[in-house]
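The values are calculated or read from the model by the stated rules, or taken from the named source; none is laboratory data. If you're wondering where the values come from, they're calculated on a predicted model, not measured in any experiment. So basically every Cβ, Gly included, is an ideal-geometry build from the backbone, and we count neighbours across all protein chains shown. Note: accessible area is taken over every heavy atom of the protein model, side chains too, but ligands, DNA and RNA are not part of it. Shrake-Rupley method; radii C 1.70, N 1.55, O 1.52, S 1.80 Å.
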Amino acid sequence: MFILKLLLIFSLFIPDGNELWKRTETEEHISFLFPNAVQSLTQETNGIRSRIYQTKDLTCVFGVVCSDFSNSPLPITDETAPIIYEQMRQASVGMETAILKDEKTVPYDNMLIKEIEYSILKDNYEMTYFKRFIFRDNMVYQLSVGGRSRHREYILKAREIFFNSIQFH
């Protein structure tokens, strides 16, 4: 009984898994939690500048792509956002082995937010990914988390922490 009490007291001092995650503040007016140090790189495609933030842990890969459409010939409006989303969704699930498992709109005022779940075969493993597309002002944010499908419960937990950590400033 004494050992049980000692373990219970000790468990109170062990940090919750969320506390180990670190917040990343970006120049693109978004911040988020990642479980490890962030790597970032910048690229430009068709005049659209994108900043990519990424990391991984033992089970999952995490990514945030912030694309600035300010100088794009196709500005983001209520009419063009669904078209841009459709192209980005197709690019995500357009691989030969990709299977779209779920697609939904996340309710939010003043922003279009879409989420997809899909799986692919990679190196003979089935991989599951969750991806959110957020359209805000002239920015498109793509947030993704995924890993081997056999670790689905862990991916779902990481998805909740990651997606719920998103803040705009």
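Please calculate how many Å² of accessible area the chain carries per residue, with a 1.4 Å probe and no DNA, RNA or ligand atoms counted.
62 Å²
Hey, what angle do you get for helix 152-164 against the long axis of the chain, alpha-carbon based, 0 to 90 degrees rounded to 10?
Once rounded, one gets 70 degrees.
In nm, to one decimal, how far is the modelled label at Q43 from the one at Y125, with both set 7 Å along Cα→Cβ?
Result for the modelled spin labels: 2.2 nm.
Rounded to the nearest 20 Debye, what is the dipole magnitude of region 118-159 about its Cα centre when Lys and Arg each give +1 and Asp and Glu each give -1 at the C-beta?
Using only the charged Cβ atoms, the result is roughly 120 debye.
Classify region 77-169 from the C-alpha gyration tensor, please: rounded if a/c falls under 1.5, else prolate or oblate depending on whether a/b exceeds b/c.
Since a/c reaches 1.5 but b/c is at least a/b, the shape of region 77-169 is classed as oblate.
Among the aspartates and glutamates, select those whose C-alpha is under 17 Å from the C-alpha of K101, and discard any that sit fewer than 8 residues away in the same chain.
Partners found: E86, E115, E117, E126, E153.
Among S119, Q167, A81, whose Cα projects farthest towards the positive end of the dipole of the chain, with charges put on the beta-carbon of Lys, Arg (+1) and Asp, Glu (-1)?
Looking along the dipole axis, the top candidate is S119.
Along the principal axes of its C-alpha atoms, what lengths does the chain span, in descending order and rounded to whole Å?
Per principal axis, max minus min of the Cα coordinates gives 70, 39, 30 Å.
About the Cα centre, and with charges only on the beta carbon of Lys, Arg (+1) and Asp, Glu (-1), how big is the dipole of the chain? Nearest 20 debye, please.
With Lys and Arg at +1 and Asp and Glu at -1, about 600 debye.
Assuming R0 = 22 Å, what is the FRET efficiency of A91 and K56, from their Cβ-Cβ distance, to the nearest 0.05?
Given R0 = 22 Å and the Cβ-Cβ separation, E is 0.55.
For the chain, what does -39500 (n - 2.57) per DSSP helix run (n ≥ 4), summed and divided by total residues, give at 222 nm, in deg cm²/dmol to the nearest 500?
Only helices count here, giving -7000 deg cm²/dmol.
Loop-only check: which GluC sites (Glu not before Pro) in region 71-165 are DSSP coil with at most 16 other Cβ within 10 angstrom?
Counting only loop positions with at most 16 other Cβ atoms within 10 Å, the GluC sites (Glu not before Pro) in region 71-165 are E79, E96.
Starting from the 7 Å offset along Cα-to-Cβ, what nm value, one decimal, do you get for the label separation of T26 and D102?
Using points 7 Å along Cα→Cβ, the separation is 2.3 nm.
Carbon and sulfur: what percent of region 63-169's accessible surface (1.4 Å probe)?
Here it works out to 47 percent.
Give K22/K131; K104/K131; K56/K157; K131/K157; K22/K114 a once-over and call out the pairs whose C-alpha atoms are over 18 Å from each other.
From the list (K22/K131; K104/K131; K56/K157; K131/K157; K22/K114), the Cα-Cα distance tops 18 Å for K22/K131; K22/K114.
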